[in-house]
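Q: Questions regarding the structure given below will be posed in turn.
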Amino acid sequence: MLGATVMPHAIYLHSSLVRDRHADTDHDKEVLLRASRIDVTWSLVLSQVILSFGIPLAIIPLMRYTRSREIMGHFADGPALRVTSTIIAILIVALNAALIVLTSLGID
């Protein structure tokens, strides 16, 4: 939450992207502000897409470790939890793949 509040503020108000742009009319100011917001929004979207690559890299090994009787002993996952976690992992990986494809194609 803090990052979502602070990051756009820091980029938008204190960066040279906005300070170095001079606008004479109100229309020019509106255009510059709109362009600055798009740049920040696109940067945040791309950062989330990049972060989504790491989710499967954490979930799949974690599932393998918690299923292993050799590693977890009697604390290993049971059959119901294995099925549930597999379904959830497949759903997360599919949603992340869709996010990556839609973002790369520019589809909103």
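We did not get these values from a lab; they are worked out from the coordinates using the rules stated. Since this is a predicted model, take the numbers as computed values, not measurements. Cβ coordinates were reconstructed from backbone atoms using ideal geometry, including for glycine residues, and neighbour counts include every protein chain displayed.
Q: Return the ratio Rg/(2.2 N^0.38 Å) for the stretch 60-108, where Rg is computed over Cα atoms only.
A: Rg over 2.2 N^0.38 Å, computed on Cα atoms: 1.57.
Q: Quick one: if you stick a label point 7 Å off each Cα along the C-beta vector at residue 26 and residue 64, how many nm between them?
A: Here the modelled spin labels are 6.2 nm apart.
Q: Here's another thing I want to ask about it. At 0.36 nm per residue, minus the direct Cα-Cα distance, what do residue 71 and residue 84 gain on full extension? Give it in nm, one decimal, please.
A: 2.7 nm
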